[in-house]
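The values are calculated or read from the model by the stated rules, or taken from the named source; none is laboratory data. Here the structure is a predicted model, which means the values were calculated and not measured. Because the Cβ atoms are built from the backbone with ideal geometry, glycine has one as well, and the counts that use them run over all protein chains shown. To get the accessible areas, we keep the full protein, side chains included, count just its heavy atoms, and leave off ligands, DNA and RNA. Shrake-Rupley method; radii C 1.70, N 1.55, O 1.52, S 1.80 Å.
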Amino acid sequence: MRSGYLSRKEKNASICLITPRHISYNPRVVKEADALHEAGAQVRVVSVSHHSDRARLDEQLMQEREWRLSTVNAEGSSLHSAARWLWASIRQKLNRTLYPVFPKKMRDPAYSRYVRELAASAADIRTDLYIAHNLQALPAAYRAARRHDALIGFDAEDFHRGEFPEEESSLQKTLTEQVEEYYLPVCDHCTAASEGIAEAYAETIGIQTPDVILNVFPLAEREGQTPTEELEQERPPDGDVSLYWYSQVIGPDRGLQDAVRALSQLKEDVHLTLRGRWATGFEDDLRQLAQSLGVEHRLRVLPPAPPEQLLERAAQHDIGLALEQAHTPNRDLCVTNKMLLYLLAGLPVIATDTTGQRQVCEDVPVATRLCAIGNPSALCESICSLLSEEGSLERATAAAQKAGEECYNWEQEQKKLVAPVAETIKAGRHQISNAH
């Protein structure tokens, strides 16, 4: 069997991906659905629709795709969907109240608000393999798989129990751990978004180490996605150097205060460019800090961009910043989308020294620099090593471009998804009946 393709025996296989989020805000699901469809499988995605504006983005995505999307409508835009949302909310609160008394029965609906609706929609059509994206979808995938005696898979985009501080003892953390411990051992197919996440689940739950599928981007998104006049507005004026950081939200605990403090130690021709929406109250705090350090005029903020334009827009800048703070075990283990996007865009990366980011930096040392978390001076030194040493930025840029073209792109990474899926379907192994 060729890597990246299903054999003739598996080409008629049907696969259902389940997510509690909008697909327009979950590009990993879209990429995996595309890859499995292109490999020859019949693919369906089941999701929950929470917002009408995001639902429109979902519809736009589906205009160019041949696989099917089914949604659980909880938008509140109609009487029926509003009633569903209200009932699901009340039901979850009731289940959480009863969980201490009936932990096994109440665990799933207490943890996942739409578990019944997702499971019913997923099981509506018989499928060979159900893959849950996000832990909240896993109980629903299990129920659908059990109904049809089918295979079950899970994609760990995060180390979910590690999203909480280690000292926390909340109900949500307890439910997360219970869901992981109950369902992960019976999964036939598991993938993870970083080596650290895969190893953490293998060690903690005692499962076989999941296959690692990085959150990389398609090569095709490097050009032709953004109007030319908008690309011309990306860079700072006069050809100055642009340090670039992006996310959906510009907020605290993301290393941005350190970036502003480092900016004050750099030459006047270096600018810090941020992209995203401001978290409530954070804009005033960050701008006041920049003003106090005399660098507010070198702080640029750009609005959010469509997902398919992020790569092309990033390529207009000079150095990418991946400033994870590792305030939870999950943030320490994950490899951020932005770090992988920078490399594919041909940007050298300055990354804080987390477990996940360190692994990538070790693979492409010329294109990356590691710096200590919470240390603006160390961040400044890393940036200066690229800007002050003759030829350093050019060498790092070339190394980033090579890494993106040869390794860190979806065209390469999707092969790591398709091959294990094909093997699982071919073997036909499943452990649903062994669930405790």
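So the values come out like this:
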{"quantity": "Matching entry among Glu411, Glu362, Glu312 (being over 21 Å from the mean Cα position of the chain (by Cα), in a helix (DSSP H, G or I), surrounded by fewer than 24 Cβ atoms within 10 Å (Cβ to Cβ) and not hydrophobic (A, V, I, L, M, F, W, C))", "calculated": "Glu362"}
{"quantity": "Hits in region 213-249 (condition: surrounded by fewer than 18 Cβ atoms within 10 Å (Cβ to Cβ), of a type in the set (A, V, I, L, M) and in contact (Cβ under 8 Å) with a residue 40 or more places away in the chain)", "calculated": "Leu219, Leu231"}
{"quantity": "Hey, Val45 in contact with a helix residue (DSSP H, G or I) (Cβ under 9 Å, 6 or more places away or on another chain), in a helix (DSSP H, G or I) and under 23 Å from Glu413 (Cβ atoms) or not", "calculated": "no"}
{"quantity": "Sole residue being open to solvent by less than 10 Å² (accessible area, probe 1.4 Å), assigned to a helix (DSSP H, G or I) and aliphatic (A, V, I, L, M), chosen from Leu289, Leu343, Leu347", "calculated": "Leu343"}
{"quantity": "Within region 107-134, tally of residues that are out of contact with any Cys (no Cβ under 6 Å at 6 or more places or on another chain) and of a type in the set (Phe, Trp, Tyr)", "calculated": "2"}
{"quantity": "For Arg21: the one exception among (1) part of a helix (DSSP H, G or I); (2) at pLDDT below 95; (3) among the charged types (D, E, K, R); (4) out of contact with any His (no Cβ under 7 Å at 6 or more places or on another chain)", "calculated": "(1)"}
{"quantity": "Qualifying residue in region 411-419 (condition: basic (Lys, Arg), modelled with pLDDT under 95 and in contact with a strand residue (DSSP E or B) (Cβ under 7 Å, 6 or more places away or on another chain))", "calculated": "yes"}
{"quantity": "Region 206-243, residues that are over 30 Å from Asp155 (Cβ atoms) and of a type in the set (S, T, N, Q)", "calculated": "Thr228, Gln233, Ser242"}
{"quantity": "In region 215-240, the residues that are part of a helix (DSSP H, G or I) and either within 30 Å of Ala198 (Cα to Cα) or of a type in the set (Val, Ile, Thr) (or both)", "calculated": "Leu219, Ala220, Glu221, Arg222, Thr228"}
{"quantity": "The one condition in (1) of a type outside the set (Phe, Trp, Tyr); (2) modelled with pLDDT under 90; (3) touching a strand residue (DSSP E or B) at 6+ places or on another chain (Cβ under 7 Å) that Ile383 fails to fulfil", "calculated": "(2)"}
{"quantity": "Hits in region 173-204 (condition: under 21 Å from the mean Cα position of the chain (by Cα), of a type outside the set (A, V, I, L, M) and surrounded by fewer than 21 Cβ atoms within 10 Å (Cβ to Cβ))", "calculated": "Lys173, Thr176, Glu177, Glu195, Glu199"}
{"quantity": "Count of region 250-286 residues which are exposed (fewer than 15 other Cβ atoms within 10 Å of the Cβ) and β-branched (Val, Ile, Thr)", "calculated": "1"}
{"quantity": "Every residue from region 250-286 that is assigned to a strand (DSSP E or B) and under 26 Å from the mean Cα position of the chain (by Cα)", "calculated": "Ile250, Leu272, Thr273, Leu274, Arg275, Gly276, Arg277, Trp278"}
{"quantity": "Failed condition for Leu151, given (1) buried (at least 21 other Cβ atoms within 10 Å of the Cβ); (2) aliphatic (A, V, I, L, M); (3) within 18 Å of Ser47 (Cα to Cα)", "calculated": "(3)"}
{"quantity": "Residues being open to solvent by 20 Å² or more (accessible area, probe 1.4 Å), farther than 21 Å from Leu219 by Cβ and either among the charged types (D, E, K, R) or under 16 Å from the mean Cα position of the chain (by Cα) (or both) - total across region 298-309", "calculated": "1"}
{"quantity": "Residue within region 26-36 that is surrounded by fewer than 17 Cβ atoms within 10 Å (Cβ to Cβ) and modelled with pLDDT under 95 present", "calculated": "no"}
{"quantity": "Residues of region 365-390 that turn out to be farther than 23 Å from Leu310 by Cβ, open to solvent by 40 Å² or more (accessible area, probe 1.4 Å) and outside any helix (DSSP H, G or I), as a count", "calculated": "8"}
{"quantity": "Unmet requirement for Arg126, which otherwise passes all of (1) open to solvent by less than 10 Å² (accessible area, probe 1.4 Å); (2) over 22 Å from Ala202 (Cβ atoms); (3) touching a His at 6+ places or on another chain (Cβ under 6 Å)", "calculated": "(1)"}
{"quantity": "Residue check, Ser81 open to solvent by less than 10 Å² (accessible area, probe 1.4 Å) and modelled with pLDDT under 90", "calculated": "yes"}
{"quantity": "Conditions (1) in contact with a Cys (Cβ under 9 Å, 6 or more places away or on another chain); (2) over 24 Å from Asp240 (Cβ atoms); (3) surrounded by fewer than 24 Cβ atoms within 10 Å (Cβ to Cβ); number of the one not met by Gln357", "calculated": "(3)"}
